[in-house]
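*Asks:* To start, I am sharing the structure in question, which I have written as structure tokens.
Where a number appears in this text, it was derived from the coordinates with a stated rule and is not lab data. Fair warning: this is a prediction, and the values are worked out from it, not measured in the lab. Backbone-built Cβ (ideal geometry, glycine too); neighbour counts: all protein chains shown.
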Amino acid sequence: MRTYLRNIAVYKPGKPIEELKRELGVRDVVKLASNENPFPPSPRVRKAICRAVSGINRYPEGNQYYLRQRIAKEFGVSEDQIIFGNGSDEIIVFAVRSLVAPGQEIVTSFPTFLIYKIAGLVEGIRVREVPAKGMRYDLGAISSAITDSTKLVFIANPDNPTGTYVTKEELARFLNSIPEEVCVFLDEAYYEFARELEDYPNGLDFLKAGKNVVVSRTFSKYYGLAGVRLGYAFARKEVIDLMNRVREPFNVNSLAQVAGIAALDSKEYYERIYRLFKREKGFLRKALSSLGLEVLDSATNFLLVKVGPKSEELVEYLLKSGIIVRHMKAWGLQDYIRVTVGQPRENRRFVKAVKAFLKNRR
């Protein structure tokens, strides 16, 4: 047995809606905890899934042929530079298993996406965490922390749970400062929410410029396909080849493959939702700030909010009110909660509940 596994903290996802209904008997539940798209996928996606259902008695296309062609065309890369995963989380695992050997190490930031550390520790690999500076990746400190044993660096851009990002200039300077043999994994799960920012870097530009990077993205957030689990990544051909050697066969199901293609063909639908999202994100930020709470600037579909010593009490109060948000203690942010931007009625219900909580406890 790998007895060291007992010492690894298990990742705990946000509480599901059905679980809260069972526990507290709450009928109308609002989930703002897991950074999901609160709207259903496009009609085109739903139709594609319905058409594909009759064929799920067969194994899926193991090489994701049609989805691979569509992604290659969409982003201007060759088909052998793409890998798909059961969500982008699985691609993180592929990178750790294929690019880092026992005795070598991973470097990342803290706080950041917890799966980087968990994936490394599960494989028995040393993980070095460099403290963030002002809730942002300290790339200078990360560069200084790299040793001859470092083989993989994880950068969430934008970051989860902070919502902050590293700029084009910062990323370029960092990549130029580290050894060529160190691979940098750019996790761009929230790419679609940040791409309009003038100084936000598109990781693909660095790959096409010859940098040793893996650039991962997902259909879970912007495209609202969290339930079918579909992620993808770009890298050099030789890196993709190694990652494919640790990939399980048939890791991307049939429904996810057709849904991904249909989602990319539904740009008008998702752009309409995105415009609404931006308005609602502004509403939430303004409303929470007016209540005296500190809200970080965010390039994502969620907000990190400093509540103070009563943060856990607020989370429990919200749960009893049928509203699920995420407390940040697992990330070492004891005074913070993270809230996903939801539908207009959900956001207003959340703000109303927070206002009532603060009024009764001041």
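*Asks:* Per 10 Å bin, what is the whole-percent P(r) computed from every C-alpha pair distance within region 20-142?
*Replies:* P(r) for region 20-142, in whole percents per bin: 9, 22, 30, 28, 11, 0.
*Asks:* Can you work out the Karplus-derived ³J(HN,Hα) for every residue in region 341-352? Use 6.51 cos²θ - 1.76 cosθ + 1.60 with θ = phi - 60°, whole Hz, and x for glycine or proline.
*Replies:* Karplus values, whole Hz, x for Gly and Pro: 6, x, 5, x, 5, 5, 5, 5, 5, 4, 4, 4.
*Asks:* Take every Cα-Cα distance within the chain, group them into 10 Å bins from 0 onward, and report for each bin the whole-number percent of pairs it holds.
*Replies:* Here the calculated profile for the chain is 5, 23, 32, 26, 12, 1.
*Asks:* Right, here's the next one. Considering the zone a paramagnetic label at A9 would reach in this model (a point 7 Å from Cα along the Cα-to-Cβ line), which residues of region 105-143 have amide N under 15 Å from it?
*Replies:* Inside the label zone: 109-122, 127-132.
*Asks:* I want the local charge near I106. Using Cβ-Cβ distances under 15 Å, sum +1 for each Lys or Arg and -1 for each Asp or Glu among the other residues. Walk me through the numbers on the way to the answer.
*Replies:* Details: positive: R97, K117, R126, R128, K151; negative: E105, E123, E129, D148, E181, D187.
Once all neighbours under 15 Å are counted, the net charge is -1.
*Asks:* Looking only at chymotrypsin sites (Phe, Trp or Tyr not before Pro) in DSSP loops with at most 15 other Cβ atoms within 10 Å, what is the longest site-free stretch of the chain?
*Replies:* Numbers: sites that count: Y11, F250.
In the chain, the maximal stretch lacking such sites is 12-249.
*Asks:* When DSSP beta bridges are limited to those with both residues in region 43-264, what percentage is antiparallel, rounded to the nearest 5?
*Replies:* Values: 9 of 27 bridges.
Rounded to the nearest five, the antiparallel share is 35 percent.
*Asks:* Could you work out how far the C-alpha centroid of region 293-348 sits from that of region 12-70, in angstrom?
*Replies:* Cα centroid of region 293-348 versus Cα centroid of region 12-70: 23 Å apart.
*Asks:* Determine the sum of side-chain charges near K286: Lys and Arg each +1, Asp and Glu each -1, restricted to other residues whose C-beta is under 15 angstrom from that of K286. Please list the in-between numbers first.
*Replies:* Details: positive: K278, R279, K281, R285, R348, K352, K355; negative: E280, E294, D297.
Value of the local net charge: +4.
*Asks:* Lysine pairs, Cα distance under 19 Å, 8 or more residues apart or cross-chain: how many in region 115-239?
*Replies:* 9
*Asks:* First select every other residue whose beta carbon is under 12 angstrom from the beta carbon of Y270; then total the charges, Lys and Arg +1, Asp and Glu -1. Let's see the in-between values first.
*Replies:* Values: positive: R44, K221, K267, R272, R275; negative: E192, D265, E268, E271.
Result for the local shell: +1.
*Asks:* Same structure, new question: Which whole-angstrom value gives the distance between the alpha carbon centres of region 117-186 and region 249-274?
*Replies:* Taking the Cα centre of each part, region 117-186 and region 249-274 sit 30 Å apart.
*Asks:* If you put +1 on each Lys and Arg Cβ and -1 on each Asp and Glu Cβ, how big is the dipole of the chain around its Cα centre, in Debye rounded to 20? Intermediate values should be presented prior to the final figure.
*Replies:* Values: 57 positive and 42 negative charges, 332 e Å.
Taking the Cα centre of the chain as origin, the dipole is about 1600 debye.
*Asks:* Also, quick follow-up: If I take the Cα coordinates of region 215-321 and project them onto the principal axes, what are the three extents in Å, biggest first?
*Replies:* 51, 33, 30
*Asks:* What GluC sites (Glu not before Pro) does region 178-236 have in DSSP loop regions with at most 13 other beta carbons within 10 Å?
*Replies:* Values: sites: E180, E181, E188, E192, E196, E198; in loops: E180, E181, E188, E196, E198.
Counting only loop positions with at most 13 other Cβ atoms within 10 Å, the GluC sites (Glu not before Pro) in region 178-236 are E180, E181, E196, E198.
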